[in-house]
1. Any chance you could count how many residues in region 52-71 are out of contact with any strand residue (DSSP E or B) (no Cβ under 7 Å at 6 or more places or on another chain) and at pLDDT below 95?
2. Name the residues in region 19-49 that are farther than 27 Å from Lys6 by Cα and of a type in the set (S, T, N, Q), would you?
3. For region 52-78, give me the residue count where each residue is among the β-branched types (Val, Ile, Thr) and buried (at least 18 other Cβ atoms within 10 Å of the Cβ).
4. Filter the strands (runs of 3 or more DSSP E) completely within the chain down to those with at least 1 residues that are in contact (Cβ under 8 Å) with a residue 40 or more places away in the chain.
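The values are calculated or read from the model by the stated rules, or taken from the named source; none is laboratory data. Note that the structure is a prediction, hence the values are computed from the model and not measured. All Cβ positions, even for glycine, are placed from backbone atoms using ideal geometry, and neighbour counts span all protein chains on display.
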Amino acid sequence: MKYRKKPVVVEAIQFTGTNYEKIKEFIGQNTLCSTLSIVIPTLEGDMVAQKGDYIIKGIAGEFYPCKPDVFEQTYEST
């Protein structure tokens with residue numbers, strides 16, 4: 001069977017390596033960070049986002065990292 005993704009608006013921020021404070025504000029908690037990576041608490045446990053990755057807030061309020069190429073193929077600005 002084939003499935004189509006439902007159109008859903010999500011909030012996201014791209015990790016630049018220098019915007020730790022904005023990401024901390026976005027996810028609402030402290031997390032480990034360096035200029036190359038940041039630890040994102042997800043429903044499946046902690047995941048590491050690399051510089052350039054997007055951090056997405058899902059429809060249930062959960063957070064998860066997404067590689068930039070996948071993000072740009074899946075989402076568009078509203």
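1. 3
2. Residues satisfying the conditions are Asn19, Gln29, Asn30, Thr31, Ser34, Thr35, Ser37.
3. 2
4. The qualifying strands (runs of 3 or more DSSP E) are 11-14, 54-57, 63-66.
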